[in-house]
Amino acid sequence: MNEQIQPATVRVFIALAPPDDAKDELARELRPAYDTHPQMRWNRIEDWHITLLFLGELPAEAVPLLRPALAALAAAHQPFRLALHGSGSFDNRVLWSGIDGDLDRLRTLAADVRTTVSTCGVAFEDRPLRPHLTLARARRGDESSAGEIAARFAGFTGRRWPAERLHLVGSNVGRSRGPIHYRDIEAWALGEGNFDEP
């Protein structure tokens, strides 16, 4: 018997991802903090994303139900412009970069994602949308590092970029002791994948 055993559940969320050059721009801004705060648990740059809806642990069979519905949803939304902007921390431990740009379109897309997932019969915790990019987490007992770093680049404003793809993402949380890694389960172009300049 050489059958591969599939996990019974998968931890997933739906997100947008900045393009590499926008992430590189922010990473250059953060570089001094990597040196001054090596004790922070820095997220891998390739994993930076803007969560639209966190679904948590789902039965593996729920994922195929989401694919066609999310593909149709992506096709119904045109790309729009966002930018990375400012910074802050949640609970003095989670360092984040804020999001600027066409936030009305971002909120509309997130609301439609919630409706679509709900229509598929997939349950989720209805948390308020707080558009951000999680950059790092402070270790337990470190109440100052995240705030110190956030204060350094509070004035950062990155270039605007088109949000062009909707991502269904899986993570390995709870499956290993190492850092969290994310992988696209699937991604779909928004609209026809064409961005019309305003």
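Every number in this text was worked out from the coordinates using simple rules, so none of it is lab data. These numbers come from a predicted model, not from an experiment. Glycine gets a Cβ as well: all are built from the backbone with ideal geometry, and neighbour counts include every protein chain shown.
Near the amide H of residue 52, within less than 5 Å, lie the amide hydrogens of 14, 15, 16, all on another chain or at least 5 residues away, with H placed in the peptide plane.
Here the chain is assigned +1 on the Cβ of each Lys and Arg and -1 on the Cβ of each Asp and Glu. Its dipole about the Cα centre then comes out at about 580 debye.
Quick one: length gained pulling residue 186 to residue 76 fully straight, 0.36 nm per residue minus the C-alpha distance?
Working: separation 110, 0.36 × 110 = 39.60 nm, distance 1.70 nm.
Contour length minus Cα-Cα distance gives 37.9 nm.
Taking amide H as placed 1.01 Å from N in the peptide plane, the amide H of residue 80 sits under 5 Å from that of 163, each at least 5 places away or on another chain.
Between residue 91 and residue 65, the modelled labels are 2.9 nm apart [label points 7 Å from Cα along Cα→Cβ].
Could you point to the residue in 128, 110, 95 farthest towards the positive end of the chain's charge dipole, with +1 and -1 charges on the Cβ of Lys/Arg and Asp/Glu respectively? Value: 95. Per-residue ellipticity at 222 nm computed for the chain from its helices equals -9000 deg cm²/dmol, with DSSP H segments shorter than 4 residues left out and the rest contributing -39,500 (n - 2.57).
Residues whose amide H lies under 5 Å from that of residue 11, counting only those 5 or more places away or on a different chain, are 58, 171; hydrogens are built 1.01 Å from N in the peptide plane.
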